[in-house]
1. For segment 143-159: of the residues being more than 10 Å from the chain's Cα centre (by Cα) and closer than 21 Å to LYS189 by Cα, which is surrounded by the fewest Cβ atoms within 10 Å (Cβ to Cβ)?
2. Restricting to segment 376-432, what's the tally of residues that are more than 22 Å from ALA331 (Cα to Cα), among the aromatic types (Phe, Trp, Tyr) and touching an Asp or Glu at 6+ places or on another chain (Cβ under 9 Å)?
3. Out of the residues in segment 226-252 that are touching a strand residue (DSSP E or B) at 6+ places or on another chain (Cβ under 9 Å) and polar (S, T, N, Q), which is surrounded by the fewest Cβ atoms within 10 Å (Cβ to Cβ)?
4. Look at ALA131 and say whether it is farther than 11 Å from GLY66 by Cα, outside the structural domain of GLU248 (by TED's automatic domain parsing) and either crowded, with 20+ Cβ neighbours inside 10 Å or at pLDDT below 95 (or both).
5. Considering only residues that are of a type in the set (A, V, I, L, M, F, W, C) and over 26 Å from the mean Cα position of the chain (by Cα), look in segment 362-390 and name the one that is surrounded by the most Cβ atoms within 10 Å (Cβ to Cβ).
6. Taking into account only those residues within segment 188-200 that are surrounded by 21 or more Cβ atoms within 10 Å (Cβ to Cβ) and polar (S, T, N, Q), which is nearest to PRO126 (Cα to Cα)?
7. Name every residue in segment 201-225 that is out of contact with any His (no Cβ under 9 Å at 6 or more places or on another chain), outside any strand (DSSP E or B) and surrounded by fewer than 21 Cβ atoms within 10 Å (Cβ to Cβ), in order of residue number.
8. For segment 153-170, what are the residues that are in contact (Cβ under 8 Å) with a residue 60 or more places away in the chain and either in a loop (DSSP other than H, G, I, E, B) or outside the structural domain of LEU123 (by TED's automatic domain parsing) (or both)?
Amino acid sequence: MSSLQAIVGVSNVITGAADVAPYVTDWRERYRGKTWAVVRPGSTAEVAAVARACAEHGVPIVPQGGNTGLCGGATPHAGGDEIVLQLSRLNRVRDIDTENATMTVEAGVPLASVQRAAAEAGLLFPLSLAAEGSCAIGGNLSTNAGGTAVLRYGNARELVLGLEIVLADGRIWNGLRGLRKDNTGYDLKQLFMGSEGTLGIITAAVLKLFPRPQSSATAWVAIDDVAAAVRLLGIVRQALGDRLTGFELISADCVTLARAQFPALPDPIPGHDWYVLLQADDAAANSSLPAQIEAALGGCLSDGLARDAVIAQSESQAAELWNLREHIPEAQKREGPNIKHDISVPVSKMAAFLSQAEEALDTALPGVRYVVFGHLGDGNLHYNLSAPLGSENQVFSDQTSRANRIVYDLVAAFGGSFSAEHGVGQMKRPEMERYKAPIELELMRRLKQALDPHGILNPGKVL
């Protein structure tokens, strides 16, 4: 304890039960662990010194950013022998290079602050997700976060040019390069993105920036079914090309649920089974984008593919539509226990997957309610299940393993993934054994052994 206090300061080693409590419970309150200390370093050098001290004494480290993860990846286990390495004090924007269109930030900078700093420089950092006000960029990179703009800009790993990493033994790898071309062997940074702190601790990153949109158009479209949404996606992409930033699928049940918990949310086109929320952006100031979206949707309305549509007439109207989408997870959390699935399947197979999954789950769990929404444009859905009306929450929660097996087996049959953007953490470790090929797991374990031979970095997560 004294050695850690000497490194980060007495006030930055937290041990009191009440003070520690927020750091040992995940956002969904599914996991509650224990730790003998929450350590809050303020620099990369302090992270490295903490890692060296922990390596010397064999103390496991659980890296943590904003603690907004959904799979227990940043939550310590119940044994209490781990420290939580809380990185929120690494909160500096080190550099913005507008000519190179890059930004160097520390791991504890909130995602919203990264976005804001880019905007103030006249540029865009496009990663966007519901928790952006509280999640930290280091956690976003360590889980390879997705969000609403993957269709155009890609996942987190595609937005990074360089990383600074503290290794398990406390050494620092400075890979903070702002190069878009560097063909000098293995791309080491890709090992650490998506590894959830099991191979090294991300302390800083060089991020790609993009031209800031000068015009934007957001639309809410009513459709009959998911097959229609997939066809609509193809038509809009053909009309708009890579200006289509987001394409979200939302069921009517999601709208009802969100508005029940947050009555001020809008209900733009009531009375339909499914909706699409789409957004397109253009860096050109005098873009014809709004007219092109109107024309594309007009054609879809004329031929019956779309049933109705509204196009936001202002930024505030667009924000209201996105607020409806972003409040769905919190609304479901407030309603009560639910079974969540963050899955991906090829877009072309989405309608068939949903049809077969509903048929199987209706048989296994009569009365189950479906809360289905997500990023149809990149094949990622949040396929969530709520308890039948009138049923006991615990009875439904006891069916989690059964529901997971039905959903994940079907996802695998369709060539999909049981984790599209939330990571593996401790929640989905059993699925790794069931669905990953043995050679994949062998290679992952070899990497883990090579980079963390004593197993002190986030043990019991991912593998």
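1. Filtering segment 143-159 for residues more than 10 Å from the chain's Cα centre (by Cα) gives 149-154, 157-159.
This time we only want the ones that are closer than 21 Å to LYS189 by Cα, so: 150, 153-154, 157-159.
Values: VAL150: 26, TYR153: 20, GLY154: 15, ARG157: 14, GLU158: 12, LEU159: 22.
Restricting to residues being more than 10 Å from the chain's Cα centre (by Cα) and closer than 21 Å to LYS189 by Cα, the top hit is GLU158.
2. Number satisfying all stated conditions: 2.
3. Going through the qualifying residues, I end up with SER251.
4. On the way: farther than 11 Å from GLY66 by Cα: no; outside the structural domain of GLU248 (by TED's automatic domain parsing): yes; either crowded, with 20+ Cβ neighbours inside 10 Å or at pLDDT below 95 (or both): yes.
No.
5. Of all residues in segment 362-390, those of a type in the set (A, V, I, L, M, F, W, C) come to 364-365, 368, 371-373, 376, 381, 385, 387, 389.
Those left that are additionally over 26 Å from the mean Cα position of the chain (by Cα): 364-365, 389.
Working: ALA364: 13, LEU365: 19, LEU389: 7.
Top of the filtered list is LEU365.
6. Per the criteria, the residue is SER195.
7. Let us first name the residues in segment 201-225 that are out of contact with any His (no Cβ under 9 Å at 6 or more places or on another chain), namely 201-221, 225.
Add one more test, that the residue is outside any strand (DSSP E or B), and what stays is 209, 212-214, 225.
Within segment 201-225, ARG212, PRO213, GLN214, ASP225 meet the criteria.
8. Initial filter on segment 153-170 (in contact (Cβ under 8 Å) with a residue 60 or more places away in the chain): 153, 155, 164, 166-170.
Correct list: ASN155, LEU167, ALA168, ASP169, GLY170.
The values are calculated or read from the model by the stated rules, or taken from the named source; none is laboratory data. The model shown is predicted, which means the values in this text are computed figures rather than measured ones. Note: ideal-geometry Cβ built from the backbone for every residue, glycine included; neighbour counts use all protein chains shown.
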